[in-house]
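Presented below is the structure to which this report refers.
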Amino acid sequence: MNTFNLAPLILILPVIGLLLNGLFGRRFVEANPANGERLTGWLASLMTIGAFLVSLSLFLSLLAHGFEPIIVPLFNWIDIPSADFLVNWAMQVDTLSVTMMLVVTGVGSLIHIYAIGYMHGDPDFSRFFTYLNLFIFFMLILVSGSSYLVMFVGWEGVGLCSYLLISFWWARLDKNGVPANANAGRKAMIMNRIGDFGVILAMILLFWTFGTLDYQAVFSGAVEMFEANHMVAFGGLSVPLPTVLTAVTALFLLGVTGKSAQIPLYTWLPDAMAGPTPVSALIHAATMVTAGVYLLVRSNVLYEIVRTSGATILGLISTPNLVAWVGALTAFFAALIAFSQNDIKKVLAYSTVSQLGFMVAAAGSGAYVAAMFHLVTHAFFKALLFLGSGSVIHGMEHGHHHLAHAGHGATHTDDDGFDPQDMRYMGGLRRRMPTTFIVYLIGSLALAGIIPLAGFWSKDEILLHDQTYATPIFIVLAIAALGTAFYVARQLIMVFFGKPRHAAAEHAAESPALMTTPLVVLAGLTVFGGLLNLPYLTRAMAEANHNHPAGIFLMLESWLEHSLASFELAEEGILALPRTPVYLSLLVAGISTALAVGGLLLGYLVYRGRPRTSSEPDRLARTPIWWWSVLPLNSLYMKGFVPLFNRFSVWLADKVDWAFWHDFVHDRVIRDIFVTGAEFSANVLDAQGVDGVVNGAGKTTQRLARGLRLTQTGYARTYALAVLLGAVGLLVYFLFMAG
């Protein structure tokens, strides 16, 4: 089976959807809202489903052809013959890219279908699905490109789509009259640009060093130069290759902190929850925010060369270790901050930041398969939780709408302070929304790491790797896992248990089947997702099947190792890659399970029967752990960094941009010099020079004409005399001069 020639269809199909919806979708919806919504929503969904089917065919083709990577050229992108410079736009079909394609299109298809029900009645229904297809298009460019340059086109494209989708309800104002959606979109755009600057600088260094940005050429060239102890020349300066790659990988980390919401650029992700819930699920849980993890895993050879060489940043820490610590600390602090959130989506947002920290820490520790394993399982259960939260919000809004139109008094109108996303107004929803409760419970337990759900297996693999190679990282991540289980219990109790704390919760209704069906599918993936990389259950099984995975065990590892060149290079002794144990460690699994169960139990003990009313203070409001969870990165950030940044921004705007660049450079230097030159040209060169010459020639001609005119008297005797004088003159000339 060979379907590699179909690879371009994964890009073409979303483009068809976005063009048709962008050009004709609004007309269809306005002409017939019910049929128009079905047409535009299912058109976008079917294009994404089609891309998923193509991705599945690529998966089968790789299986049939020995997992060999295939480059599918599309066209010559940048061609400068005089400089012998050519950049091809090509797709790299390998096990890593196909894994990402399947996640993006598979989870994306379910979210598209869910959004048809969720966005029902929105006046910009077709525009929303146009943006969704545009996002799928750019995300597939990001994961399928054969070079860093093509990848960066998708990288920037998903950043644009993030802005468009977060700001989708741009005209909405919050209770304080602030355009929260528009501000959140701008914040996401600006903070991602900071990280993107690092990726651009890294690509410049790579191109200077290797003369190309193609993955295969860069990685093979890096290995050859590393083995030969090659020096990289920067003008008159020669630098060892590991030093250059240290700079490259550190700059990549900056990009990762922006796109994957890590310290210090993580704060845009919680604010991004202002966008529609399908956006939160698609972009900020399952796909876009994992782009940074994909970049780390794709660049595994570069990071492992730095690790093997021992190169460090200022003699302090290597970039792989820096990546691991950034991820671990992000996982820890974000889990603590989630304790203090009352918005159901913001709890999940900080949870996403924390789980991304697990993935980044795994990649930095060399556990690239574990990072991808958690990326896949997290896409399942976090998409389930975000869509489940959307179902909860939808049910609460239904209940509030019922109250507002059933004559229950002014206390239940839109000005009573009610917020359908605030968990303090919920409670007891398991009875009103049983399907949503069951699937949400499955996703929550997977997030907490309860065996045998998918989250247990992927998180346990990360913890096992760090327990083996990086004990301090393991300790930090273990504490983060405990915090995760605690805020999961808190959220479950506040949303689904106890008594309703608002009349809207008493009248909440289950979401329609169009919304709950994708939840059930995602719940199934969450239950069985751990089979994707099930470890050997004993050390003896692992030793008996050394390097020969059997049956359902280690499927993802045996699949991804064909794209992770550092695996083969480690076997050859070129790189020192720390390999993750492939068996189930009862010690680590026991610790992980104990932390998960302990966190859930602690959350139950703290929040059992609480809060009783929507205005009751949180149980942790007066405890030191509350302030610890809030101050380090929330209050300190908002009261420390943000004011300083604002003052710096004002100084840049007022002094550097306006006073210096605008007033001085533009007005005094550029404008005044230009005006002075223009006035000199007009008043001197033109008026006195050009005009003087032209006018002087005209006046001279006029004087000559007036002199000649005097000879024309009109008398015959005058003309006869002139003829006579002329004849005499000719005669004298010939007699005396010519001879």
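Here is how the numbers come out for the structure above:
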item	result
Single residue of ILE552, ILE574, ILE493 found to be aliphatic (A, V, I, L, M) and modelled with pLDDT under 90	ILE552
Yes/no for LEU53 being assigned by TED's automatic domain parsing to the domain that holds LEU132 and in contact with a Phe, Trp or Tyr (Cβ under 9 Å, 6 or more places away or on another chain)	no
Residues of the stretch 92-107 classified as closer than 13 Å to SER61 by Cβ and either assigned to a strand (DSSP E or B) or not aliphatic (A, V, I, L, M) (or both), total	4
Tabulated pairs, the stretch 337-359, first farther than 20 Å from ALA371 by Cα and outside the structural domain of PHE380 (by TED's automatic domain parsing), second at pLDDT 90 or above and part of a helix (DSSP H, G or I), C-beta under 6 angstrom, 6+ apart or interchain	none
Residue under evaluation GLY366, criteria (1) crowded, with 24+ Cβ neighbours inside 10 Å; (2) not in a loop (DSSP other than H, G, I, E, B), criterion not met	(2)
Condition check for LYS382: under 24 Å from the mean Cα position of the chain (by Cα), under 20 Å from MET288 (Cβ atoms), modelled with pLDDT under 90 and of a type outside the set (A, V, I, L, M)	no
Residue check for TRP325: in contact (Cβ under 8 Å) with a residue 24 or more places away in the chain, buried (at least 21 other Cβ atoms within 10 Å of the Cβ) and not aliphatic (A, V, I, L, M)	no
Residue, farthest from LEU282 (Cα to Cα), within the stretch 111-126, restricted to residues that are surrounded by 20 or more Cβ atoms within 10 Å (Cβ to Cβ) and touching a Phe, Trp or Tyr at 6+ places or on another chain (Cβ under 8 Å)	SER126
Those helices (runs of 4 or more DSSP H) lying entirely in the stretch 221-337 with at least 2 residues β-branched (Val, Ile, Thr)	241-259, 277-281, 291-298, 300-309, 319-337
Residue in the stretch 49-61 that is more than 25 Å from the chain's Cα centre (by Cα), surrounded by fewer than 18 Cβ atoms within 10 Å (Cβ to Cβ) and outside any helix (DSSP H, G or I) present	no
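Here's the yes/no breakdown for (1) closer than 30 Å to LEU519 by Cα; (2) touching a Leu at 6+ places or on another chain (Cβ under 6 Å):
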site	(1), (2)
PRO242	no, no
LEU245	no, yes
LEU253	no, no
GLY258	yes, yes
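The values are calculated or read from the model by the stated rules, or taken from the named source; none is laboratory data. Worth saying up front: this structure is predicted, and the values here are computed from it rather than measured. Don't worry about glycine lacking a Cβ; one is built from the backbone with ideal geometry, like all the others, and counts go over all protein chains shown.
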